[in-house]
Each structure stands twice: as structure tokens, then as C-alpha cells.
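All remarks here apply to the structure that follows.
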Amino acid sequence: DAGITQSPRYKITETGRQVTLMCHQTWSHSYMFWYRQDLGHGLRLIYYSAAADITDKGEVSDGYVVSRSKTENFPLTLESATRSQTSVYFCASSLRTSGRRQTQYFGPGTRLLVL
Amino acid sequence: SQQGEEDPQALSIQEGENATMNCSYKTSINNLQWYRQNSGRGLVHLILIRSNEREKHSGRLRVTLDTSKKSSSLLITASRAADTASYFCATDAPAGGTSYGKLTFGQGTILTVHP
């Protein structure tokens, strides 16, 4: 049972480069989420998706792009990386977004450093 | 601003003692969840309490919810060194609003349990 995986686990890039973080889940969960975690800010929602080809912005979506062509994959792209995007990025999935099945299952995270 | 705010920000106790963490939120909710994050890992769901529930237990965990005060507490009894982690509360939003379907996380309480 692979669950939810993220790749790469660590990434160093330079300002201005495009970076794509991958997220894959094996549960066929409808909902998927991208968060960033920074000291002093907790977890903040970047984007979420209710199903394939349905995505919506979260609290801090500027500078990020997502796609969801397949239910199991939800890649996050930094179009032109900035130093302020240095963070730990978590992908999560859930079966529902209401009731007892709204529990979110998190990947191990990707640590991104933008120089 | 964050929907959930945890208190205290950090808590240090000895093994065997009880640990209590509090969460306050601003708007009405359907459910409140608690998650744990071990250092360098993703978040793991602990327990969910619905707005019409006042108390729930799961093993050594006890969660209370007071919707009139918009607050919740997480009690870990007979703590162990392995309980050392960050603990986050997460709230959802009722149907009809722009935040429906999304969770908002607090900044977390860092719990250290000394052996």
C-alpha cells in the first residue's frame, strides 16, 4: 500500500527557474491538496483539486500552477522560482471534504531551497 | 489570518505526565481535527470531532470541543517520549462559503516529552 508519495524529497534550484513537484496517490481519492509549511505561518493551502481537471486556488496561489489530468497525480509547478518560495511543500489527499471522510492523508513533503 | 490558533506554542513535560493543548478558531465549523507531525515528516490524522459532539476519546487521546467558545483541547494522557511532535488543529468551513471543502490549520504546538 504505497499511499501518497512526493518527489523529489529535496530540491535546490535557482531564482527564475521552473520547478515541478510531483505528487502521486494510490487510493483513488477524489480530493488532493498542496500546502506549504513555513515557520510562523503553519500550513497554508496553495491549490486544491476536487477531481481530474477540476482545480481551485487556495490562500497562497500566486506564482504556482497545478494540473490534474489523472486522478492519482497532482503536480505543482513553480513557474519562475523566487527565494520566498523556499519552503517545505506537502501534498495531501482525502476521500471527501465533509463529514468523517474529510481526513486528509499527507505525503512526506518536499524540501525546496531557492537560491 | 489563521482560523485555528494553538496554545501554547511549545510545551515541555516529563514522561508519564499529561499534555494539554488548546485550539481556538474564529468562524463556525462542521468538524475540527487534530493532526500530529513528527520532525521531518508529513502530518498524520489523530482524531476528528464534529460540531455536535462535545468530547471524543481515542486511546490516550481526549478531545473536547466547545462551540460556544470556539475552542477545542487535546489531552494526551500518560505521555511517552514517542509523543514528541508538533500538534495541529484543523477546521473546516460550513457549506455555502468560499472556504467550503478546505481545511485551515493552526500554527501548531510543539510538544517535547522528556524520558
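The values are calculated or read from the model by the stated rules, or taken from the named source; none is laboratory data. It should be emphasised that the depicted structure is a prediction, and the values quoted were computed from it without experimental measurement. Here Cβ is always computed from backbone atoms with ideal geometry, including for glycine, and neighbour counts include all displayed protein chains. Calculation scope for accessible area: heavy atoms of the full protein, side chains included, ligands and nucleic acids excluded. Shrake-Rupley method; radii C 1.70, N 1.55, O 1.52, S 1.80 Å.
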Which of the residues spanning segment B:83-115 are among the aliphatic types (A, V, I, L, M), modelled with pLDDT under 90 and touching a strand residue (DSSP E or B) at 6+ places or on another chain (Cβ under 7 Å)?
B:Leu103
Within segment B:4-115, considering only strands (runs of 3 or more DSSP E) that don't extend past its boundaries, which have at least 2 residues that are more than 25 Å from A:Gly40 (Cβ to Cβ) and not aromatic (Phe, Trp, Tyr)?
B:43-50, B:55-58, B:61-66
Failed criterion for B:Ser72 (all others in (1) within 12 Å of chain A (Cβ to nearest Cβ); (2) modelled with pLDDT of 95 or more hold):
(1)
A:Ser49: in contact (Cβ under 8 Å) with a residue 60 or more places away in the chain and more than 9 Å from chain B (Cβ to nearest Cβ), yes or no?
no
Where in segment A:23-110 are the strands (runs of 3 or more DSSP E), entirely inside, with at least 2 residues that are open to solvent by 30 Å² or more (accessible area, probe 1.4 Å)?
A:31-38, A:42-51, A:54-57
